[in-house]
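The values are calculated or read from the model by the stated rules, or taken from the named source; none is laboratory data. Just so we're clear, the structure is a prediction, and the values are computed from it rather than from any experiment. Here Cβ is always computed from backbone atoms with ideal geometry, including for glycine, and neighbour counts include all displayed protein chains.
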Ligand code: HEC
């Protein structure tokens, strides 16, 4: 009887392990552009533009990029130029990130910025020709 019970417990135990192995926690993968964009934003933009794109988080006074800002009025081209070239050409303080980021990362963070805006702001952005498909 004792051996039978032990075997039963062993079966339950291994079934439990199998259940754990079958359900790994979801992790964002860089192959998902939005997850990649969020990761790039957190690492490269948030230090100056704020974790939520709220802006004005340090002495450089970087503007907001979220729905409380006017960022949606910029074209995608202007945003990409800012990311790649920084602010030096216009006498600004933004760091040029063209060398630090791959084209895939630049496109992903641009796409992520769109998600910080409201539906109306996204529509206005696209109506102004801002969206590069
Ligand atoms: C070193 C600080 C810094 C970092 C890092 C930074 N920015 Fe900026 N950003 C600024 C500042 C400051 C400005 C205001 C213009 C200027 O002074 O160059 C700005 C302006 C901008 C603008 C507005 C450009 C315009 O034409 O009005 C956009 C869009 C922008 N940043 C996006 C980003 C994105 C996206 C990232 C990350 C990939 C990023 N920035 C990283 C400091 C930064």
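Contact map, region 55-68: first residue on the phi < 0 side of the Ramachandran plot and more than 10 Å from the ligand (Cβ to nearest atom), second residue outside any loop (DSSP other than H, G, I, E, B) and modelled with pLDDT of 95 or more, Cβ cut-off under 8 Å, separation 6 or more or different chains; pairs are 67/121.
Residues in region 99-115 that are part of a loop (DSSP other than H, G, I, E, B) and near the ligand (Cβ under 10 Å from one of its atoms) were compared, and the one that is surrounded by the fewest Cβ atoms within 10 Å (Cβ to Cβ) is 100.
Only one of the numbered conditions (1) without any contact (Cβ under 8 Å) to a residue 40 or more places away in the chain; (2) more than 9 Å from the ligand (Cβ to nearest atom) is not met by residue 77, and that is (1).
For residue 65, state whether it is surrounded by 15 or more Cβ atoms within 10 Å (Cβ to Cβ) and in a helix (DSSP H, G or I). No: the conditions fail for residue 65.
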